[in-house]
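A short worksheet on the structure shown next.
The values are calculated or read from the model by the stated rules, or taken from the named source; none is laboratory data. Small disclaimer: the values here were computed from a predicted structure and weren't measured. Virtual Cβ from ideal backbone geometry, glycine too; neighbours counted across all protein chains shown.
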Amino acid sequence: MSSGMTLIIGGTEVPGDVDEATIEHALRRLDDGRDAFVILQLSNQTYMQVAGGPGNFKLEYQDGSIEEHYSCSRNDLSADDVVNAFLSYFRVDNRWRKDYPWEPLDLGIAPQSKGRVFTIIFAAAVILIIAALLFGS
């Protein structure tokens, strides 16, 4: 049975149906490198994403529009935390909404810190990847 979700690892869409083992494998391989990000996408505007690696995870989700873009305010996320959040999102059980503190992001305001700059650059990269997947040949 298909989840209807798409998994993107470092800008490359994983072919076929997404499953929990594939999601966990992708997340545990994140190493804070240049292309170290994973997106679990329900639609173009609805997804969970993470970038970074152990000790430096940046977990975010968007819920239907850029005005509904949120970032986890915890700075100490472990690989287990990220895996648990993604698998909860995949299962659509909404535990991830309660288990982690979320703050809205206004991506239209000038950055206030280095972390904010990263978020804006990350969001732009996601938009470019999605556009390439939709309109690429």
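Residue by residue, here is whether (1) assigned to a loop (DSSP other than H, G, I, E, B); (2) modelled with pLDDT under 75; (3) more than 21 Å from Gly33 (Cβ to Cβ) holds:
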residue: Asp81; (1), (2), (3): no, no, no
residue: Ser88; (1), (2), (3): no, no, yes
residue: Trp96; (1), (2), (3): no, no, yes
residue: Phe118; (1), (2), (3): no, yes, no
residue: Ala131; (1), (2), (3): no, yes, yes
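Considering only the stretch 9-25, state which residues are within 18 Å of Phe122 (Cα to Cα) and of a type outside the set (Asp, Glu).
To start, the set of residues in the stretch 9-25 that are within 18 Å of Phe122 (Cα to Cα) comprises 9-13.
Scanning the stretch 9-25 gives Ile9, Gly10, Gly11, Thr12.
Any chance you could count how many residues in the stretch 48-98 are of a type in the set (A, V, I, L, M) and out of contact with any strand residue (DSSP E or B) (no Cβ under 8 Å at 6 or more places or on another chain)? Don't jump to the end; show me each part of the working.
Initially, the stretch 48-98 is screened for residues of a type in the set (A, V, I, L, M), giving 48, 50-51, 59, 66, 77, 79, 82-83, 85, 87, 92.
Next, from what is left, pick out any that are out of contact with any strand residue (DSSP E or B) (no Cβ under 8 Å at 6 or more places or on another chain): 66, 79, 83, 87, 92.
The total comes to 5.
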With the first residue restricted to the stretch 12-41 and required to be on the phi < 0 side of the Ramachandran plot, and the second required to be loosely packed, with under 14 Cβ neighbours inside 10 Å and of a type in the set (Ser, Thr, Tyr), Cβ contacts under 7 Å at 6 or more apart or on different chains are Asp17/Ser2
Can you pull out the residues in the stretch 26-58 that are small (Gly, Ala, Ser), surrounded by 17 or more Cβ atoms within 10 Å (Cβ to Cβ) and in a strand (DSSP E or B)?
-> Ala51
